[in-house]
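J.: One structure follows; several queries about it will come next.
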Amino acid sequence: MAAEPAFCGANFTPIRLRTVLAGTALDAGSDAVVAAALAVARAAGARLHVLHVVEMPIVPSFPDTPWITAEVLAEDAADRGQELAAQLERLGAADDEARASLVHGAAHRALLDAARDLEADLIVAGAARAEGPLEKLLGTTADRLMRKATCPLLVVRGELPVPPARVAAPVDLASLSADALRSGLHLLAQIGAGIRTRVIVFHALTFLGHLALRHRTEPMASDEEAERAARAALASLAAACAEGLPMTIETRLRCGDPRVEILAELEESRPDLVVMGTHSRRPLDRLLLGSIAATLAHRAPCSLLVVPPEAALGEGIAAAVAAAAAEV
């Protein structure tokens, strides 16, 4: 009765951490973001690029009263450049460990452009709280990155131990969720430093999901049989995704609304990090911030590693295409 999880299988190619891109606001809160990015890059032997984006203020301009000049911009950039260098020095980054740069523009757009140009394998950003009305409508920088990034995104809240000792991974037993978990766990394995991470893989079984499981057999399965089927599918998915990795895997099944149950599980297990995928790429979903990942970015008590579908499937699909071409 339990469905086998489907993912890249033999064509799966783990994402290699070669380039890490971190965004910094140059304030005290962003020290934790850059420190986490530096620790990840060191553990994986990756290059680190730290970017500070100067967002232009929206101020009315009048023809006879220029409110900003090239000289003002140059002076401000020089000051911020010094702050950026001071931050890296304060965090102990050697000159050959991190490259720093400063650009003007919207933070999420600049980070996405830099990630594309650098071919970044991971973006690291802070979990800022939405404060103004525009941020509450459109989302914080992390929210926008979560909707648009095609590589994994690490949203840092507080100090993140690297490698994390305890990881929570909510899944929905769908193909994309399995792909994201597998990719996320392989990323973590690259910064493990020989430490055996404890990973709790859990699923929140909704009423409709429970009903669907009961109707998979004839005659209709009992409640207990449906839950056993869900537990079996969850165990199979977790074992397949973590195969060969130095991790201790536990599985847990909870019943109820996914957002409520995930937050409850995080309160109980107190992980250092949550690993999960983002599923939908539909414009309406991206606009309304309806995903569970977006909810966790604001309400989870720890950092969050988000794996988008493009990152989870991209390299596996590329490998499959190459293999098919070789056979022609």
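Quick note: the coordinates plus some simple rules give every number you see, no bench work behind them. Everything quoted here is computed from the prediction, not taken from an experiment. Here Cβ is always computed from backbone atoms with ideal geometry, including for glycine, and neighbour counts include all displayed protein chains.
J.: Label R116 and E83 with points 7 Å out from Cα along Cα→Cβ: what is the distance between them in nm?
T.: Computed distance between label sites R116 and E83 equals 2.8 nm.
J.: How much net charge surrounds M276 when only the other residues with a Cβ under 14 Å from the Cβ of M276 are counted, with Lys and Arg +1 and Asp and Glu -1? Could the numbers behind the result be given before it?
T.: Details: positive: R182, R259, R299; negative: D172, D179, E261, E265.
Taking every other residue near M276 into account, the sum is -1.
J.: Still on this structure, please answer the following. Check A100: other-chain or 5+ apart residues with amide H under 5 Å from its amide H, H built from backbone geometry?
T.: Placed amide hydrogens put V50 under 5 Å from A100.
J.: In vacuo Debye scattering of segment 74-217, one point per C-alpha: log10 I(q)/I(0) at q = 0.19 Å⁻¹?
T.: Computed log10 I(q)/I(0) values: -1.43.
J.: Can you list residues whose amide H is under 5 Å from S303's amide H, if they're 5+ apart or on another chain and H is modeled 1.01 Å from N?
T.: For S303, whose amide H was placed from the backbone, the distant partners under 5 Å are R157, V274.
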